[in-house]
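One structure below.
The values are calculated or read from the model by the stated rules, or taken from the named source; none is laboratory data. Keep in mind that this is a model prediction, so the values were computed, not measured. Every residue, glycine among them, receives a Cβ derived from its backbone with ideal geometry; neighbour counts consider all protein chains shown. In case anyone asks, the SASA skips ligands and DNA or RNA and just uses the protein heavy atoms, side chains included. Shrake-Rupley method; radii C 1.70, N 1.55, O 1.52, S 1.80 Å.
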Amino acid sequence: MTTATLPNDMARRNRRAAIIALSFALGMLGLGYAAVPLYRIFCEATGFGGTTMKVSEATASAIAVTDKQITVRFDSNVSSALPWRFKPENPTEKITIGARDMAAFVAENLSSKPVTGTATFNVTPVQAGRYFAKVQCFCFTEQTLQPGEKVRMPVIYYVDPAILTDPDTKDIEEITLSYTFYPLDQAKKGS
């Protein structure tokens, strides 16, 4: 090997190492941007961290209704940056496991301008999240309220009968569904 080819080989290896390092860095950057949506999808699919399941009408219709009941408590919160009042119409309901039920929340814009908010949600105890299924929910869309506007926001849901056979959840007597509304700009910063 001549001394003239040695710098060319080294330059080629350095270029290849630089391309590999750049590809790795770009791949990690891409994974960083994809982490939040992928985590959200994972949580919705598994109920991880008390995230509820989103199901279709067809799936909900196929669920067997049991003779067992469970209490569902509804919790509502509003970010201090959102000029809304938000509360459940009924703070608790006793429902039949497997049967679809509807809860309603009332939101009111207390400001003199239109305000858009979005809700985050979770279920406690967290083990129950995978069995709490929402068929329809205001939390899946942005909500814009006009000045002084007051709206009723329904949630159609059921508790999957599989909660009765899971050793970690079979003794649960009460589930809490909690919502927190944030102004849309603040919610986007958190995602």
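Determine if the stretch 169-186 includes at least one residue that is open to solvent by less than 10 Å² (accessible area, probe 1.4 Å), closer than 26 Å to T66 by Cβ, touching a helix residue (DSSP H, G or I) at 6+ places or on another chain (Cβ under 6 Å) and part of a strand (DSSP E or B). Yes, because at least one residue in the stretch 169-186 is open to solvent by less than 10 Å² (accessible area, probe 1.4 Å), closer than 26 Å to T66 by Cβ, touching a helix residue (DSSP H, G or I) at 6+ places or on another chain (Cβ under 6 Å) and part of a strand (DSSP E or B). So, of the residues in the stretch 105-134 that are over 13 Å from the mean Cα position of the chain (by Cα) and open to solvent by less than 10 Å² (accessible area, probe 1.4 Å), which turns out to be modelled with the lowest pLDDT? Looking at residues that are over 13 Å from the mean Cα position of the chain (by Cα) and open to solvent by less than 10 Å² (accessible area, probe 1.4 Å), I get A128.
Residue under question is F24, and the condition is that it be among the aromatic types (F, W, Y) and either at pLDDT 65 or above or open to solvent by less than 100 Å² (accessible area, probe 1.4 Å) (or both); does it hold? Considered against the rule, which asks whether it is among the aromatic types (F, W, Y) and either at pLDDT 65 or above or open to solvent by less than 100 Å² (accessible area, probe 1.4 Å) (or both), F24 comes out as yes. Restricting the stretch 135-168 to residues that are assigned to a strand (DSSP E or B) and of a type in the set (V, I, T), which is most open to solvent (accessible area, probe 1.4 Å)? Applying the filter and picking the extreme gives T144. Would the stretch 95-110 turn up any residue that is polar (S, T, N, Q) and in contact (Cβ under 8 Å) with a residue 40 or more places away in the chain? The answer is yes; a qualifying residue exists. For beta carbons closer than 9 Å, sequence separation of 6+ or different chains, a first residue in the stretch 118-147 that is over 16 Å from D166 (Cβ atoms) and charged (D, E, K, R) and a second that is assigned to a loop (DSSP other than H, G, I, E, B) and open to solvent by less than 70 Å² (accessible area, probe 1.4 Å), the qualifying pairs are K134/T52; K134/V55. Looking across the stretch 85-98, the residues that are over 14 Å from I175 (Cβ atoms) and surrounded by fewer than 18 Cβ atoms within 10 Å (Cβ to Cβ) come down to R85, K87, E89, N90.
When every residue of the stretch 33-40 is checked against the conditions, none turns out to be touching a strand residue (DSSP E or B) at 6+ places or on another chain (Cβ under 8 Å) and at pLDDT 60 or above. Annotation: of all residues in the stretch 63-77 being surrounded by fewer than 18 Cβ atoms within 10 Å (Cβ to Cβ) and of a type in the set (V, I, T), the one that is nearest to I175 (Cα to Cα) is T71.
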